[in-house]
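The values are calculated or read from the model by the stated rules, or taken from the named source; none is laboratory data. Predicted model, so just to flag it, every value in this text is computed and none were measured. Here the Cβ is made from the backbone with ideal geometry for all residues, glycine too, and neighbour counts use every protein chain on show. Keep in mind that these areas ignore ligands, DNA and RNA; they rest on the heavy atoms of the full protein, side chains included. Shrake-Rupley method; radii C 1.70, N 1.55, O 1.52, S 1.80 Å.
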Amino acid sequence: MTSRQTPETRQPVQRGSLRLRLLFTIAMALTPILIFAGFRTYLNAQDSRAERRGQLVGIADRALDEIEQVLSTVDTLQQIYASNIVSGQCERVFNDISPRVPQLANVAYFNAEGVVKCVAVGEAGGNTAQPGALELLRGGQNSVRTDAFYGPRSQAWLFSTLRRVDDDDGQFAGAVSFALRTEGIIRTLQLTNLPTDVELAISDGEGQIFGSNRFVELPVKWIAQATGDEDGELFVAEDSELGSLDVVVRAIVDERMYAIISRPSPGLFSEFTLEPIETVGIPLLSFSLALIAAWLAVDGLVLKWLARLRRLALIYGEGHYNFRIGEEFENAPDEIANFATTFDGMANRIAERDAKLRSAIATRDAAVKEIHHRVKNNLQIVASFLNLQRRQVQDPNAREVISAARHRIDALSIVHQTLYQHERLETVHMQPFLEALLSHLGGALGMGESGVTIESDIADIDRPADDAIPVALFILEAVTNAMKYAFDEDGGTITVSLLEDGEEIVLKIIDDGYGAELDEDAASGSTGLGARLMTAFAKQLRGTMNQTSRPNEGFIVELRMPKETAEKQEGNF
């Protein structure tokens with residue numbers, strides 16, 4: 001079984017801010033434009049990068065063509081003079097072709113074992129300085145270019161071109177080698193007319209740079225990325241003095257010699273950077289302005305007026321239906337102004353209906369109070385009749401019965417007096433009600449003459465009017481029994497308490513009289529009229545009654561009843 005949630009206990013549904021939700025909707029609508037602009041910016045950046053690379057390669061094209069022409073000439077001359085070199089005419093061949101190829105440093109022939117058999121500069125003998133290249137030729141390649149190396153005979157840094165030589169049977173017989181000075185290649189580059197901010201250098205496959213004032217070596221991964229790309233690859237390097245540098249790495253003829261072309265990177269306001277920034281900046285600015293405009297529009301046209309409507313609802317919720325909106329919504333949008341006017345009219349109608357209901361309730365309360373007043377007066381008349389009848393009766397038992405009946409009627413009269421004096425007719429404030437009842441019983445039962453005092457400990461508790469009557473009659477019977485059987489001529493004390501104990505309300509009537517040894521039947525209740533009435537009242541209150549007593553320790557009557565009323569308990573199922 002679960003209890004029903006009232007409007008007061010039901011948790012409010014959590015909802016996001018209207019402003020944020022509207023902004024999120026607008027942002028989602030504009031996001032595709034921003035994504036497209038970002039993609040377009042990426043493409044522009046790629047185009048800008050390719051254009052920067054193309055410009056650098058284009059500037060250095062003439063110099064690169066010169067180098068490629070030299071290397072091509074070397075390949076041709078190797079084929080032409082290969083037989084002469086193999087026959088031992090290295091020096092003559094060197095003298096013949098060095099005027100045409102000023103970069104040439106040496107001409108040599110190596111046999112199949114890598115032994116120098118013929119050399120133009122220096123003496124024959126010894127082994128090749130590039131055994132790896134010889135192995136490539138042995139493996140089937142016709143021509144191989146080496147990385148830069150320091151030539152022991154030329155005493156200079158060289159790039160070497162080797163061509164395979166076969167014997168008459170087509171077997172590998174060695175290699176013809178032309179060694180080119182790196183200084184000569186660099187001098188060829190410097191003879192071309194380059195812009196002052198452009199530098200052209202060369203590098204081998206291991207990143208060693210020759211002819212550069214900007215770099216000592218390059219990262220090997222740059223060489224690897226540029227390998228196989230005919231147009232070269234653009235990189236950006238950082239220099240402590242020059243700042244950012246655009247560096248294009250491009251292979252020359254094959255993958256052993258690379259051109260390194262560099263110049264300062266374009267600044268922030270160059271066409272290469274402004275175009276991508278413009279591509280994404282304008283949509284981003286439009287996106288931001290749209291969000292700001294939406295924010296201001298939502299705040300000025302919706303949220304401000306919704307906040308005023310909320311304040312108006314809170315005022316009406318507190319019952320101030322006579323509050324009028326006046327000119328507060330005069331400048332609001334038509335839809336919100338119409339809603340506020342409707343809201344105001346609704347509050348006016350509620351105020352009129354509320355006034356009618358209050359008037360009807362006041363009339364009803366006045367009638368009910370008058371009824372209780374008249375019932376109290378009639379009960380007092382009945383009590384007076386019983387009192388007169390008692391005086392005429394001589395039989396003590398009959399007089400006692402009449403007195404008991406009069407006391408019960410007096411208790412009912414006190415209940416009705418309390419009800420018409422109380423502002424809330426449906427409930428009874430138990431503290432003043434029971435104190436008035438006990439005061440009446442003290443006089444009616446002659447406690448003063450008998451030496452009996454009555455004390456009370458009544459908590460500040462409200463109970464339904466339907467419960468007040470059985471509680472009062474229960475106390476009446478218990479106190480009457482104590483007055484009859486608990487005391488001798490010395491009197492004693494009767495204490496009545498009504499307190500809360502967890503989910504129960506506990507009513508106790510305690511006397512300090514003789515007490516008695518109660519058996520099980522007596523503890524659960526005797527067969528006397530008073531006891532039967534108390535049991536009936538306990539059931540009517542949905543409670544349980546217990547009696548405890550010991551000789552010379554007084555008597556205790558306890559009634560435990562639920563704190564919640566029967567109506568509330570039924571509402572929880």
Legend entry - Residue list for the stretch 529-562, restricted to those being open to solvent by 30 Å² or more (accessible area, probe 1.4 Å) and at pLDDT below 80: L529
Inset, instruction - Select from the stretch 215-251 the residues that are assigned to a loop (DSSP other than H, G, I, E, B) and closer than 20 Å to D61 by Cα and write down the one among them that is farthest from the chain's Cα centre (by Cα). - result: E230
Legend entry - Subset tally (residues that are open to solvent by 30 Å² or more (accessible area, probe 1.4 Å) and at pLDDT 90 or above) for the stretch 95-110: 2
Inset, instruction - Give the stretch 162-203 a look and list any residue that's over 60 Å from the mean Cα position of the chain (by Cα), β-branched (V, I, T) and either open to solvent by less than 10 Å² (accessible area, probe 1.4 Å) or closer than 26 Å to I85 by Cβ (or both), or say none. - result: V165, V176, T182, I185, T188
Inset, instruction - Could you list, in sequence order, all residues of the stretch 309-342 that are closer than 27 Å to K356 by Cα, modelled with pLDDT under 75 and surrounded by 13 or more Cβ atoms within 10 Å (Cβ to Cβ)? - result: Y316, Y321, F323, I325
Legend entry - strands (runs of 3 or more DSSP E) enclosed by the stretch 427-487 - at least 2 residues per element that are within 21 Å of M545 (Cβ to Cβ): 452-458, 462-464
Inset, instruction - Just name the residue that is nearest to L104 (Cα to Cα) out of those in the stretch 210-236 that are touching an Asp or Glu at 6+ places or on another chain (Cβ under 7 Å) and open to solvent by less than 20 Å² (accessible area, probe 1.4 Å). - result: A226
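Strands (runs of 3 or more DSSP E) wholly in the stretch 118-197 with at least 3 residues that are touching a Lys or Arg at 6+ places or on another chain (Cβ under 7 Å) and touching a residue at least 40 places away in the same chain (Cβ under 8 Å) - which ones?
Answer list for the stretch 118-197: 156-166, 172-181.
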Inset, instruction - May I ask you to list the residues in the stretch 378-396 that are loosely packed, with under 13 Cβ neighbours inside 10 Å and not in a helix (DSSP H, G or I)? - result: Q394, D395
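Residue-by-condition table, conditions (1) farther than 16 Å from D410 by Cβ; (2) open to solvent by 30 Å² or more (accessible area, probe 1.4 Å); (3) free of Cβ contacts under 8 Å to residues at least 24 places away in the same chain:
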| position | (1), (2), (3) |
| --- | --- |
| L434 | no, no, no |
| L441 | no, no, no |
| R463 | yes, no, no |
| P470 | no, no, no |
| A478 | no, no, no |
| N481 | yes, yes, no |
| E489 | yes, yes, no |
